[in-house]
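All remarks here apply to the structure that follows.
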Amino acid sequence: MKHPYLSIFSTLALLCFLAMLAVTAIWMYVPIRIVYHESSLVRTELSPIEVKEHGHSYFLTPEQKWAIDLIRYYTPIIWFSCFAYLFLFFMFGGFERLRLLQRQRSGA
C-alpha cells in the first residue's frame, strides 16, 4: 500500500462528521426534552433550580441542570474541534491533489 495513513485519516474524518451530527442532535433535542417535558412548573424540594425559557420559569433537579450545562459546555468544543479537523483534512487533501496534478503535467 502506497499511502497507509490515508485510510486512517479518512476514517477519522468520517468519525468527526458523525460526531458532529450526533452532538448537534443531542444539543437540539435533549435540553428541550428536559426543560419542557421533565421539569416542574413549581419549585419543590426535588426541583430547586430555576431556569427561565421564553419568559416562563421551569424548575429542574440538580442532575437535570448538570446534564444541560454539560451539553451546553461540550457541544461547541466537540463540534468546532471536529470541524477544524475536517477543514484541515480537506485542505491538505486538496493541496496534495493539486501537487499530483502539477507533477503529472510536468512529467507528461
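Computed from the coordinates by the stated procedures, all read-outs in this text should not be read as laboratory data. Remember, it's a predicted structure, so these values are computed and weren't measured experimentally. Neighbour counts are summed over all protein chains in view; Cβ atoms, including those assigned to glycine, are modelled from backbone coordinates with ideal geometry.
Can you tell me the dipole magnitude for the chain around its Cα centre, using point charges on the Cβ only (Lys, Arg +1; Asp, Glu -1), in Debye to the nearest 20? Don't skip to the end; give the middle numbers.
On the way: 10 positive and 7 negative charges, 176 e Å.
For the chain, the charge dipole is close to 840 debye.
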The stretch 5-97 - Rg (one decimal) and Dmax (whole number), Cα, Å:
18.8, 62
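Please identify every one of the trypsin sites (Lys or Arg not before Pro) in the stretch 21-74 that sits in a loop by DSSP and has no more than 12 other beta carbons within 10 Å of its own beta carbon. Mind dumping the intermediate values first?
Working: sites: Arg33, Arg43, Lys52, Lys65, Arg72; in loops: Arg43.
Those that pass, being in a loop and sparsely packed, are Arg43.
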Which one, Leu12, Leu46, Leu88, has the greatest fluctuation when you compute a Gaussian network model over the chain with C-alpha springs under 10 angstrom?
Leu46
